[in-house]
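> Got a structure for you, written out below as structure tokens; questions coming shortly.
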Amino acid sequence: MKREHIRNFCIIAHVDHGKSTLADRLLELTGTVDSRTMRAQYLDTLELERERGITIKSVPVRMNYKSPDGTDYILNLIDTPGHVDFSYEVSRSLAACEGALLVVDAAQGVEAQTVANAYMAAEQGLELVPVINKIDLPSAQPEEARRELEEIIGVDAHDAILASAKEGRGVPEILERIVRDIPTPKGHPEAPLQALIFDSIYDNYRGVICYVRIVNGRLKAGQSIRFMATGRECLAEEVGVFKPGMTTVQELEAGEVGYLAASIKTIHEAHVGDTVIEGGKTDSVALPGYKKVKPVVFCGFYPVVNEDYPQLRDALEKLQLNDSAIQFEPETSSALGFGFRCGFLGLLHMDIARERLTREFDVDLVATAPNVVYQIVRPSGEVFEAHRPSDFPDVGQIEEIREPYIRLTVFVPSEFVGKVMQLCQDKRGIFQAMDYITPERLRLSYVLPLAEFIVDFHDKLKSTTRGYASLDYEQVGFRAAELVKVDVLVNQEPIDAFSFICHKDAAFHMGQAVVRKLKELIPRQLFEVPIQAAIGKKVVVRQNVKPLRKDVLAKCYGGDITRKRKLLEKQKEGKKKMKQIGRVSIPQEAFLAYLNIGKDEED
Amino acid sequence: MLGKRPAIDTLYIGGGTPTCLDPKQWGTLCGLLEEGLSFSRGAEVSVEANPDSLQDGHLAVWKSWRILRVSLGIQSFSPSALRWLGRLHDARKALDALESCRQKGFWVSGDLLFGIPGQDLAIWHKDLQTLSHYAGHVSTYQLTAEPGTPLADEIVPTQSEGYPFYRFAQWYLHQKGFVQYEVASFARGGQWCRHNLSYWRQGNVLALGPSAWGYVDGLRYRNNCDLDGYLSQKGATASRWSERLSDDDRAREAAILALRTRWGIRWRSFRRHFGEKRTRSIHEILAGLPRDLFLRRQGCTAFSPKGFRVANAIWELLV
């Protein structure tokens, strides 16, 4: 197929604006997926994605399209995640495209994330094709949405396509506009090979599979290739396209999107953003890669049973192959033994990683309370990063603590503006700006500590605005703050995994909430267990778990001792799911208690 | 084994409703047992009876043979509790049965259930008061339901909920001169059930009849549960299931079983049976627990009343 007949595009939309439904319609209309195998959210293949109704992982798919004028085209769609935690996936996918459908909900209008993603696409030089979706809704206001597209994002929306992906309206027009408006891929098939790895997944049989966009030249199955960043050379064992599902082809040429398998065992040999060139060549030019994303939220992952440590490491490595934004390094906790400090892009990202480890890799793990990355200034002026509370030195060794801040943009209907401002203030936000987008909707801007944001800001915003607000944020560096480290002691022993950092004004309140929650979660033991929260040496909260009063199942019919023993063994097995710390058995939920404290307070 | 005719120290006829047999059939059974077994002097022979089907005729036959103790499945004297349990007998029948057994001079044993919906401390007190008036041996059980059965939703969910009842039984029966000689059993005047104790001491027990459990020198077995199946097999082959414990498992089980009783673990003999290493590991586990859970005297470690109440949690550490 000639390059002139290839179009590479992605869909940019806010969560719930109908991106996955629109993708489904495109697949159907082009006959890529026949109606028998069609199911909703076709491209979301992860069990978690379908369950939660979100897209986590970018998935490319190749569609054959015959234009009404009789020309055959290849359309490569790269489906991208919508949640702000995964915006790095979006940015990578954009680099493999020449254009993007900018989808806006006709009833909701432009949302915070639509803006952020559209800006990113514009920055990369992509052609934007505006689509106003969900025009079938009774509350649809397409003209309003059109005006917002022009006034907020600044695209020419006079010929924005009016569509209803649900009913299939406007979809043929979208296909035509992709062909008409999105530029043909540049690059030359006869030039030396240059291919960009824009994503990768791990396959148990074939190793790392790189998703590539061929920028110049050809990539043939069986040819020798070189990864520029690592210098590693190997054979391209298999190349193919997504039809959907991987289908092998003989070669990929400039302009095409496909995949490459070369028995690569670890992600370090072929990272996302690297350029693939011909083997033996050293004078090629690397394509612009990606900024390496930096995790901002950290937490510890520990196996429930210490012996499972190698299994957890294995699982993390495999997960990283599918999600290069995850970082991890070994760490030791006096309470939990050997585990890993893991870095994530946000709380949802962390939550998803935890669930995938449990489900896909079958690892029982304990996750400690998440925290952000801190900068600590020593009296000597030396600055270092703290990834966990135990990195904090004694108070005397701290000159200043700095925490990461974000600039938060919230789009909100004017009736909720007071509540949202209150929420931002409660979260130590500093007001920046407020402007009316329309008489009914405004944009609020705050600078706010990331630590306050990650816990439950999103949930609280959704509930106080009945889901009508949307947000986006970007990091704006570190600022000094009055923070303290609160230690939690169980049975007089400080449990490092329970320590947390918080603003000094919130220490007592948070300490109390944590202790109360732990008291609920830690089952009665054979002795009284005190639970305390302390700042430095000073205990600020104390509660006791009363000792077990009765636990005796005495019935034992004559001689039926075996059954009794089996019962005891079963009980003991159940307790193994708990983490044994000193003499105290602590259930896994306790380690996540902090996550839910904010929510419980509302109930 | 029967061939050697070892002397029988204790015999327990139960695990069902032996009073299903009428007095005449009982006469035959007694004859068979007398003929087939040889009893040591002072052998303890007990029989289980259901207040509903117990007749004076039974008592007469039993009295004329070796029966020392009659164990009655009382469960409760409270009409509402009995109704809830779906028991056939009413409280009156239970009282009559107790009275007849006592008049005939049997040792009387009864069991009571707690944790029945609607039961409160007052009802429980009345139950204990009534039974302890007639019986020299009282067993208390908590009503339990298998998880997932409809009953499980209805009755108290956790074992700790039974605390007040169990605690009260310990206190009350002690007032009435009973000694808690086993985790679920209380006896007055030395009327403890020696047959039960032989289970807890890993003594040899011969299983007779379908679904009976036996234990011979480390081999635990169970007879075929089905009567026809049992009858079609003969002698030792009647066992449907058996297990032989490893020495380690046997030591742990011996410790758990010994702790069921007020005599607890006698360290010297334990060490002699199971060796220094196994003894020490068990000793260490117990030594790490709060002291008030145990009574330590004369080279023995046994549960204190408080220890009995959390026995499960402690056994779990030993299993």
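> So the check is Cβ under 7 Å with 6+ separation or different chains; which pairs have a first residue in segment A:447-458 that's closer than 14 Å to A:VAL420 by Cβ and in the same structural domain as A:ARG428 (by TED's automatic domain parsing) and a second one that's among the polar types (S, T, N, Q) and crowded, with 23+ Cβ neighbours inside 10 Å?
none
> Something else now. Collect the residues in segment A:360-387 that are surrounded by fewer than 22 Cβ atoms within 10 Å (Cβ to Cβ) and not hydrophobic (A, V, I, L, M, F, W, C), keeping them in residue-number order.
Within segment A:360-387, A:GLU360, A:ASP362, A:ASP364, A:GLN375, A:ARG378, A:PRO379, A:SER380, A:GLY381, A:GLU382, A:GLU385, A:HIS387 qualify.
> Yes or no: segment A:129-146 includes at least one residue that is farther than 15 Å from A:HIS17 by Cα, of a type in the set (A, V, I, L, M) and under 30 Å from the mean Cα position of the chain (by Cα).
Yes: segment A:129-146 contains one or more residues that are farther than 15 Å from A:HIS17 by Cα, of a type in the set (A, V, I, L, M) and under 30 Å from the mean Cα position of the chain (by Cα).
> Turning to a different aspect of this structure: Pick from segment A:347-373 the residues that are touching a Phe, Trp or Tyr at 6+ places or on another chain (Cβ under 8 Å) and assigned to a loop (DSSP other than H, G, I, E, B): which of them is modelled with the lowest pLDDT?
Among them, the one singled out is A:ALA369.
> Would you pick out the residues in segment A:157-189 that are among the charged types (D, E, K, R), assigned by TED's automatic domain parsing to the domain that holds A:VAL131 and assigned to a loop (DSSP other than H, G, I, E, B)?
A:ASP159, A:LYS166, A:GLU167
> Only residues that are in contact with a helix residue (DSSP H, G or I) (Cβ under 9 Å, 6 or more places away or on another chain) and among the β-branched types (Val, Ile, Thr): list them for segment A:274-331, please.
The answer is A:VAL293, A:VAL296, A:VAL297, A:VAL304, A:VAL305, A:ILE326.
> Which fully enclosed strands (runs of 3 or more DSSP E) of segment B:1-95 have 3 or more residues being more than 14 Å from chain A (Cβ to nearest Cβ) and surrounded by 14 or more Cβ atoms within 10 Å (Cβ to Cβ)?
B:38-49, B:69-75
> Okay, next question. If a residue has to be surrounded by fewer than 18 Cβ atoms within 10 Å (Cβ to Cβ) and more than 10 Å from chain A (Cβ to nearest Cβ) to count, how many in segment B:292-310 make the cut?
7
> Can you confirm whether segment B:217-232 contains a residue that is surrounded by 19 or more Cβ atoms within 10 Å (Cβ to Cβ) and among the hydrophobic types (A, V, I, L, M, F, W, C)?
There is no residue in segment B:217-232 that is surrounded by 19 or more Cβ atoms within 10 Å (Cβ to Cβ) and among the hydrophobic types (A, V, I, L, M, F, W, C).
> Here's another thing I want to ask about it. Of the residues that sit in segment A:202-235 and are of a type in the set (S, T, N, Q) and touching a residue at least 12 places away in the same chain (Cβ under 8 Å), which one is nearest to A:GLY279 (Cα to Cα)?
A:SER224
> Could you list, in sequence order, all residues of segment B:1-23 that are more than 20 Å from B:CYS101 (Cβ to Cβ) and modelled with pLDDT of 90 or more?
Within segment B:1-23, B:ILE8, B:ASP9 qualify.
> Give me a count of the residues in segment A:490-543 that are under 31 Å from the mean Cα position of the chain (by Cα) and part of a strand (DSSP E or B).
Selection size over segment A:490-543: 4.
> In segment A:339-359, what residues are in contact (Cβ under 8 Å) with a residue 12 or more places away in the chain and surrounded by fewer than 16 Cβ atoms within 10 Å (Cβ to Cβ)?
A:GLU355, A:ARG359
> What number goes with the only condition from (1) at pLDDT below 90; (2) outside the structural domain of A:LYS419 (by TED's automatic domain parsing) that A:ARG466 does not pass?
(2)
> Another question, then. In this structure, is B:GLY118 within 24 Å of B:GLY177 (Cα to Cα) and either in contact with a helix residue (DSSP H, G or I) (Cβ under 9 Å, 6 or more places away or on another chain) or modelled with pLDDT of 95 or more (or both)?
no
> Here is a further query. Take B:VAL179 and decide whether it is closer than 23 Å to A:THR562 by Cβ, modelled with pLDDT of 85 or more and either among the β-branched types (Val, Ile, Thr) or not assigned by TED's automatic domain parsing to the domain that holds B:PHE308 (or both).
So B:VAL179 does not fit the description; no.
> Just wondering, is there one or more residues in segment A:329-338 that are surrounded by 19 or more Cβ atoms within 10 Å (Cβ to Cβ), over 13 Å from the mean Cα position of the chain (by Cα) and part of a helix (DSSP H, G or I)?
For segment A:329-338, residues surrounded by 19 or more Cβ atoms within 10 Å (Cβ to Cβ), over 13 Å from the mean Cα position of the chain (by Cα) and part of a helix (DSSP H, G or I): absent.
> Kindly provide the set of residues from segment B:75-118 that are more than 30 Å from B:GLY189 (Cα to Cα), charged (D, E, K, R) and more than 21 Å from the chain's Cα centre (by Cα), ordered by number.
B:ARG83
> Quick one: which residue in A:GLN397, A:GLN327, A:GLN311 is of a type in the set (S, T, N, Q) and farther than 22 Å from A:ILE267 by Cβ?
Of A:GLN397, A:GLN327, A:GLN311, the one residue that is of a type in the set (S, T, N, Q) and farther than 22 Å from A:ILE267 by Cβ is A:GLN397.
> Sticking with this one: Quick check: is even one residue across segment B:186-208 buried (at least 20 other Cβ atoms within 10 Å of the Cβ), under 22 Å from the mean Cα position of the chain (by Cα), under 16 Å from A:THR562 (Cα atoms) and more than 11 Å from chain A (Cβ to nearest Cβ)?
No, segment B:186-208 has no match at all.
> Can you tell me which residue within segment A:564-593, out of those that are at pLDDT below 80 and within 10 Å of another protein chain (Cβ to nearest Cβ), is surrounded by the fewest Cβ atoms within 10 Å (Cβ to Cβ)?
Of everything passing the filter in segment A:564-593, A:GLY574 is surrounded by the fewest Cβ atoms within 10 Å (Cβ to Cβ).
> Mind listing just one residue for me: the one in segment B:194-232 that is among the small types (Gly, Ala, Ser) and closer than 20 Å to B:ASP247 by Cα and, of those, modelled with the lowest pLDDT?
Filtering segment B:194-232 for residues that are among the small types (Gly, Ala, Ser) and closer than 20 Å to B:ASP247 by Cα, the one modelled with the lowest pLDDT comes out as B:GLY218.
Let's see how each residue does on (1) under 19 Å from A:ALA270 (Cβ atoms); (2) surrounded by fewer than 20 Cβ atoms within 10 Å (Cβ to Cβ); (3) in contact with an Asp or Glu (Cβ under 8 Å, 6 or more places away or on another chain); (4) not assigned by TED's automatic domain parsing to the domain that holds A:SER67:
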{"position": "A:ILE209", "(1), (2), (3), (4)": "yes, no, yes, yes"}
{"position": "A:VAL212", "(1), (2), (3), (4)": "yes, no, no, yes"}
{"position": "A:VAL215", "(1), (2), (3), (4)": "yes, no, no, yes"}
{"position": "A:LEU219", "(1), (2), (3), (4)": "yes, no, yes, yes"}
{"position": "A:GLY222", "(1), (2), (3), (4)": "yes, yes, yes, yes"}
{"position": "A:PHE242", "(1), (2), (3), (4)": "yes, no, no, yes"}
{"position": "A:GLU253", "(1), (2), (3), (4)": "no, no, no, yes"}
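> Additional query: Inside segment A:388-487, counting only strands (runs of 3 or more DSSP E) that do not spill past its ends, which hold 1 or more residues that are under 20 Å from the mean Cα position of the chain (by Cα)?
In segment A:388-487, A:400-413, A:441-449, A:470-480 are the strands (runs of 3 or more DSSP E) which contain 1 or more residues that are under 20 Å from the mean Cα position of the chain (by Cα).
> Here is a follow-up. Of the conditions (1) out of contact with any helix residue (DSSP H, G or I) (no Cβ under 9 Å at 6 or more places or on another chain); (2) of a type in the set (Val, Ile, Thr); (3) within 14 Å of another protein chain (Cβ to nearest Cβ), A:VAL476 clears all except one; give me its number.
Of (1) out of contact with any helix residue (DSSP H, G or I) (no Cβ under 9 Å at 6 or more places or on another chain); (2) of a type in the set (Val, Ile, Thr); (3) within 14 Å of another protein chain (Cβ to nearest Cβ), only one is false for A:VAL476: (3).
> Right, something else. Applying the selection to segment A:333-366, what residues are closer than 13 Å to A:PRO303 by Cβ and β-branched (Val, Ile, Thr)?
Scanning segment A:333-366 gives A:THR358, A:VAL363, A:VAL366.
> When you check A:ASP394 against the structure, is it on the phi < 0 side of the Ramachandran plot, out of contact with any Leu (no Cβ under 8 Å at 6 or more places or on another chain) and at pLDDT below 90, yes or no?
Taking the combined requirement at face value, the residue satisfies it.
The values are calculated or read from the model by the stated rules, or taken from the named source; none is laboratory data. Just so we're clear, the structure is a prediction, and the values are computed from it rather than from any experiment. Note: ideal-geometry Cβ built from the backbone for every residue, glycine included; neighbour counts use all protein chains shown.
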